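The next block holds one structure in the form of structure tokens; read it before the comments.
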Amino acid sequence: MKDKVLVIGGGIAGLSAAFYLAQEGVNVHLVEKNYFLGGVAIGFTCKATDKCQQCGVCIVEETLRDVTQNPNINIYLGTEVKEIKKDKKFKVKLGKSSISYPKDTYVRGFSKYNHPLYVAKDTTIGLPKDSMVADEIGVEAEIFADAIILATGFDPFDPTLRSTYGYKLWKDVITGLDLEHMLRENCEVIRPSNGEKAHKIAFIQCVGSRSKEFNTLWCSEVCCPYALRMASFVKYRDPETDIWFFFIDLQNVGKEYSWFFKEIEEKINFVNAVPIDLVYDENIQKVKAFYRNDKGERQVEEFDLVILSIGISANMDNQKLAQITGLDLGEDGFFKSKSLLEPSLSQREGIFLAGTVTGPKNIMDTISHAKIAVNETLTYLGRI
Amino acid sequence: MKKTNLNPNILIIGGGASGIFSAYKVSNYNFPVWIIDQKEGFNIDPCFKEYQSYYEKILKKLKNTHNVFFLENAEIIKIKGTAGNFKVNLSVNGKVQKHIFGSIVIATPYKLEPIFEEFNISPSDNILALSELEEKIKDFEDLNGQVFVFLTKFEDESNPVSFRRILLNALELSNLKAKVYIIAKNVKVAASGLEELAYEVRKRGAIIIKTAQKPQVAVEDVVKVSVVDSVINEKVEILANYVVVEEEILPNNSNQFLSEILSLHTDKTGFLQTNNVRRVPVYTNRKGIFVAGSGSGIKPFYQVVMDSINVAYEIRSLFKDEEISDIISVDDNKCVCCLTCYRVCPHGAISWDHEKIVISPLACEGCGICAAECPMNAIQLKIYSDEDIKSQIYEAISSTRARPLIIGFFCKNSAYEAFKGAKKFGYDIPLGLKPIKVPCAGKIDVDYILEALVQGADGVLIGACHNGNCKSEKGNIFASYRIEEIKKFLSSIGINPDKVYMINVASNMSKEFSLKVKELKEKLL
């Protein structure tokens, strides 16, 4: 009998784990609560200028392709793990996902066999052939697994908590994630308020990171890299764009940071402060950012578009998942690995951890962590 | 083809944290492991001192493990061969030893250099490198308000590994009642647990001064550090009992030599892994040669641990008993042994034996750069042969009525996927665009492009990965050179050179792909 492994979560960690397991001839049940695969990373844009900026987004897409084409991987979309019991094997109860989308929205992704997947309640928007709709997705079943990899990822910080920035209130205040989606879909920077091109934009760092107040006392590690890469990308595409970058401490981007930084240093207006308030001024139709400069003076700057660099928060389902898996959470809300030298082992035998479920990681570290989880799973199964 | 004659011995270069943990993980899978280090004795890299007890525990375990060999005072003299069979000459305590290894792990320890020069100061009794402080700190007792100033890298900036070390020392000094200042341009907290540590350090009374201007150090009777605090925008002068400078983390000196003898590409800093996501986590440009932790870049300890497990994973995969497909062949009747292929192969897979070219099927990645560059057309990939691609060109041209007729040669890793995505999501793709999949843009032969034009294509579109994202490092660059040449040639014979067009596009950028193709279509109309 072939070994079966349950991978919970179909983001980059889960996809990588599923793929590497399948390559070793293991049967994989890949369970994803959303209606599409790829997690948060699937909406990211390529940020290459005249050269690749090493964000790793393309690898997510490729792993997705590999997973959807692999016969050893059984994909359950719109499905959640409801219960896990351990006898000799893990007995796992699956149920339909509790996620629902508002009627008029749709999410685009890929389903099994790489068919385009439009998750829509309302199918009148004219979907392509062979696409699937949300109501048809979701499985109730009981399955058995010899091991489990928990790869449920993170939640992007909810910027509405930082209420003085007026996210959702002001249309031209968006998140880094929104900008990723926008660049991927339109290849240019648009003001959501009027659909026109944004000429003057601001990035605000550390929204929901490094904060005792929001109980996120960690650097999310990914925001400086993604924001700086996007800033550099936007500037490359349209050198006329006036870009401001508000930060507390700039974190290094990738391997050759000093070269990277020298290239953008003069092109972007760096301000070592973060705005206190953002207000949309109807009269001039600009977002006003209020901040203090390095002389302590109050400053106001007007922007077409402001991008909030939101960080990595623990997945809101972690509490529930901890109960289901019988694992403990750390104070920060992430799952804890067994020891420093065993970064993908959990406190329970047979359950392994992969990706941002243990804390902030960039794409490449997430893949690296997932590979380790696969290695440890294979060892546990006695296959190596 | 079966994998045969793979030598199971594994060579680990470097006995620091990265080497020892990799050796441990690899030896768990019963490979004989040889760990060499240039120095006498095995020690953890000073920047990871915090983890010394782990290191010693693992080292002790390894020393008691059957089939694990330690060679001190060992230098590499020469390495020849490919994955599965590397012939290595070592000098151990001045004597030459010859070994054969199936795989090599490069885990050369970091070189640490105190940055006295950056602040125009020289070491003295109270101007210390971080390592010296760590030695001294053991003897410190109540420091009773003595002032310590940490200076971090300013010009090229610091990193989370150095910062962690500084924060830990600051914490210890604060606990001994010292007054501690850390001066930094940016506080580098982008690693697990660092923000919390910085918070703790501040709570104990240490002050982190942020400044945009380089601090000045004056050494007179006392050491005076002047700095403009950019938060309060005031000049601060600190009379310091001790000034402690960061130690810059650099690649090991031997990396350059290893890069030369092994044809390994380095990053700009000199670590033995290029700045290319395709190499993450532990790959080099050569199969069977892996890089771990301190060999590949500045990494926090948990990444060093992750690398060591990944190295074990990759070595196990390399030695897995499985068929390897025969992907490439050399026609000895055509080959004149000019060694062009040997020179262009980015994966070091090509060698020669008695005037015959040998391509190691295990080391070959199938990019086809050699096949495209071979002046005698002596090298053929099994799939993607010249014949195969040319017949695809004929087929596409004869079966397409739509105009403009564009033949696309698309790298399977990027443009081909973007094309597929664009079709799937219904983005605008000209009807006359006919894609031909190639393993790498480096496989696109000048002949293919000319053939397509000769056969009646209105344009040729070459779709490659972005620079720095090519799995074969330079495939897209080879393609761009060739296109430049073709454009010159077309101009010289009076044909519009814009008929040949190259784009760099990522696999996930279908919309962008569609926009770029539209641009070409309009040019051709």
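The values are calculated or read from the model by the stated rules, or taken from the named source; none is laboratory data. No experiment lies behind these values; they were computed from the predicted model shown. Please note: Cβ atoms are built from the backbone with ideal geometry, for glycine as well, and neighbour counts cover all protein chains shown.
Total residues in segment A:192-214 satisfying the condition of being out of contact with any strand residue (DSSP E or B) (no Cβ under 9 Å at 6 or more places or on another chain) and under 18 Å from residue A:158 (Cβ atoms): the figure is 3. Assess whether residue B:179 counts as being in contact with a strand residue (DSSP E or B) (Cβ under 7 Å, 6 or more places away or on another chain) and of a type in the set (Lys, Arg). Criteria met by residue B:179. I'd like to know if segment A:243-257 contains one or more residues that are within 14 Å of another protein chain (Cβ to nearest Cβ), surrounded by fewer than 17 Cβ atoms within 10 Å (Cβ to Cβ) and assigned to a helix (DSSP H, G or I). No, there is no match, as no residue in segment A:243-257 is within 14 Å of another protein chain (Cβ to nearest Cβ), surrounded by fewer than 17 Cβ atoms within 10 Å (Cβ to Cβ) and assigned to a helix (DSSP H, G or I).
Among A:331, A:349, which is the only one that is loosely packed, with under 15 Cβ neighbours inside 10 Å, within 11 Å of another protein chain (Cβ to nearest Cβ) and within 29 Å of residue A:82 (Cα to Cα)? Give the steps one after another, and end with the answer.
Values: A:349 fails: within 11 Å of another protein chain (Cβ to nearest Cβ).
When all the criteria are applied, what remains is A:331.
Scanning segment A:274-290 for residues that are closer than 26 Å to residue A:252 by Cα and surrounded by 19 or more Cβ atoms within 10 Å (Cβ to Cβ) gives A:275, A:289. From the list B:162, B:192, the one residue that fits, being touching a Phe, Trp or Tyr at 6+ places or on another chain (Cβ under 8 Å), of a type in the set (Gly, Ala, Ser) and within 14 Å of chain A (Cβ to nearest Cβ), is B:192. Looking only at residues in segment B:132-158 that are among the polar types (S, T, N, Q) and in contact with an Asp or Glu (Cβ under 9 Å, 6 or more places away or on another chain), the one that is surrounded by the fewest Cβ atoms within 10 Å (Cβ to Cβ) is B:158.
Got a sec? Which of B:30, B:43, B:89 is more than 30 Å from residue B:217 (Cβ to Cβ), free of Cβ contacts under 8 Å to residues at least 40 places away in the same chain and part of a strand (DSSP E or B)? Before the answer, list the steps.
Working: B:30 fails: part of a strand (DSSP E or B); B:43 fails: part of a strand (DSSP E or B).
Selected residue: B:89, the only one of B:30, B:43, B:89 that is more than 30 Å from residue B:217 (Cβ to Cβ), free of Cβ contacts under 8 Å to residues at least 40 places away in the same chain and part of a strand (DSSP E or B).
Is it true that residue A:91 is away from chain B (no Cβ under 12 Å) and at pLDDT 95 or above? Against the criterion (away from chain B (no Cβ under 12 Å) and at pLDDT 95 or above), residue A:91 qualifies. Applying the criterion of being crowded, with 24+ Cβ neighbours inside 10 Å and free of Cβ contacts under 8 Å to residues at least 60 places away in the same chain to the residues of segment A:19-45, the residue that is nearest to the other protein chains (Cβ to nearest Cβ) is A:19. Filtering segment B:75-132 to residues that are in contact with a His (Cβ under 6 Å, 6 or more places away or on another chain) and at pLDDT below 95 leaves nothing. Flag not set for residue B:8, criterion: under 24 Å from residue B:93 (Cβ atoms), surrounded by fewer than 24 Cβ atoms within 10 Å (Cβ to Cβ) and either touching a residue at least 24 places away in the same chain (Cβ under 8 Å) or not acidic (Asp, Glu) (or both). Of all residues in segment A:360-384, those being more than 22 Å from residue A:66 (Cα to Cα) and surrounded by fewer than 23 Cβ atoms within 10 Å (Cβ to Cβ) number 6.
In segment A:305-314, is there at least one residue being of a type in the set (Gly, Ala, Ser), touching a Lys or Arg at 6+ places or on another chain (Cβ under 9 Å) and closer than 22 Å to residue A:248 by Cβ? For segment A:305-314, residues of a type in the set (Gly, Ala, Ser), touching a Lys or Arg at 6+ places or on another chain (Cβ under 9 Å) and closer than 22 Å to residue A:248 by Cβ: present.
Screening segment B:318-357 for residues that are in contact (Cβ under 8 Å) with a residue 24 or more places away in the chain and β-branched (Val, Ile, Thr) and picking the one that is farthest from residue B:378 (Cα to Cα) gives B:324. Only one entry of B:184, B:212 meets the criterion of being facing another protein chain (nearest Cβ under 10 Å) and crowded, with 22+ Cβ neighbours inside 10 Å, and that entry is B:184.
Could you tell me whether residue B:206 is more than 14 Å from every other protein chain (Cβ to nearest Cβ), farther than 30 Å from residue A:361 by Cα and either of a type outside the set (S, T, N, Q) or surrounded by 18 or more Cβ atoms within 10 Å (Cβ to Cβ) (or both)?
Answer is no for this residue.
If the condition is being assigned to a helix (DSSP H, G or I) and touching a residue at least 40 places away in the same chain (Cβ under 8 Å), then segment B:161-185 contributes B:161, B:162, B:164, B:165, B:166, B:168, B:169.
Taken over segment B:478-525, the residue count meeting the criterion of being under 19 Å from residue B:438 (Cβ atoms) and without any contact (Cβ under 8 Å) to a residue 12 or more places away in the chain is 2. Here the strands (runs of 3 or more DSSP E) wholly within segment B:340-426 that include at least 1 residues being of a type in the set (Gly, Ala, Ser) are B:350-353, B:406-411. For segment A:213-257, a tally of residues being closer than 17 Å to residue B:186 by Cα and of a type in the set (Phe, Trp, Tyr) returns 5. When segment B:300-337 is filtered for residues that are within 14 Å of chain A (Cβ to nearest Cβ) and assigned to a loop (DSSP other than H, G, I, E, B), the ones remaining, listed by number, are B:300, B:320, B:321, B:322.
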